[in-house]
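Please treat every number below as a calculation from the coordinates, not as lab data. Model, not experiment: these values are computed from the prediction. Because the Cβ atoms are built from the backbone with ideal geometry, glycine has one as well, and the counts that use them run over all protein chains shown.
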Amino acid sequence: MTRPAKILLIGAYANGNIGDLHQASSLAHHLSAILPEAVVHATSNSVAAKPYDFPRPDHVLPPSILRDYDRLSEYDAVIVGGGGLLAAIHRPLNSPNWPLHVTPPIILLSMGASAEVAQRCQTLIRRAAVVTGRDEQSCAVLRRFRDDVELIPDPILADERLDALRAPRETSSPGSA
């Protein structure tokens with residue numbers, strides 16, 4: 001019997017804005033639809049270190065795992081994204097050495113990218129197994145470093161749990177429950 005896939009999500013999930021707040025949860029939700037048995041962990045190297053939404057709080061890891069290459073090697077894949085992780089500096093993504101020490105395949109998912117930051121992260125972009133941009137502008141920046149970049153919007157945009165049109169039609173006032 002094979003063990004379930006073990007996947008690490010890396011993002012700016014603890015920045016505190018609404019997109020980052022739900023990004024890890026949306027990624028985990030989408031992964032559960034295609035890999036229901038997968039064991040998914042998340043980590044965020046955000047300076048603010050605010051809480052973020054994740055279905056298994058016990059699977060939220062400290063950012064120190066990003067430099068623990070032995071622990072990183074236990075994963076079957078490392079998914080970096082979504083969000084503007086290549087639009088502003090996010091450590092350790094800008095380190096030319098970091099992607100060289102990460103042994104599982106790296107997937108850059110729905111990345112927002114600026115020319116200046118992508119230039120500093122080109123080792124990561126070139127070494128990743130898969131690279132996708134969240135918008136056409138980001139894809140154009142990423143294609144300066146490789147030809148096979150695809151467009152995939154941020155996962156939260158495809159998360160039906162966050163769709164305001166699908167929100168409950170009934171509302172309640174405080175104290176009416």
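What to note about this one:
- Taking Cα atoms only, the orientation of helix 18-34 departs from the longest principal axis of the chain by about 80 degrees.
- Using a cutoff of 8 angstrom between alpha carbon atoms and counting only pairs six or more residues apart, the relative contact order for the chain works out to 19 percent.
- The order of the peptides 87-94, 131-138 by mean Cβ neighbours within 10 Å, most packed first, is 131-138, 87-94.
- Mean residue ellipticity (222 nm) of the chain, computed from DSSP H runs ≥ 4 via -39,500 (n - 2.57), nearest 500: -6500 deg cm²/dmol
- In terms of the mean number of neighbouring beta-carbon atoms within 10 Å, the peptides 146-156, 99-109, 64-74 order highest first as 99-109, 146-156, 64-74.
- In region 81-128, Cα pairs under 8 Å separated by at least six residues give a relative contact order of 54 percent.
- Amide hydrogen neighbours beyond the local backbone of Ala14, cut-off 5 Å, H modeled: Ser46
- Evaluated at q = 0.13, 0.16 Å⁻¹: base-10 log I(q)/I(0), Debye formula over Cα of the chain: -0.64, -0.94
- Vicinal HN-Hα couplings computed from phi for region 57-62 (Karplus, 6.51 cos²θ - 1.76 cosθ + 1.60; Hz; Gly/Pro x): x, 6, 9, 8, 9, x
- In range of the label at Ser64: residues from region 84-98 whose backbone nitrogen is under 17 Å from the point 7 Å along Cα→Cβ: 92
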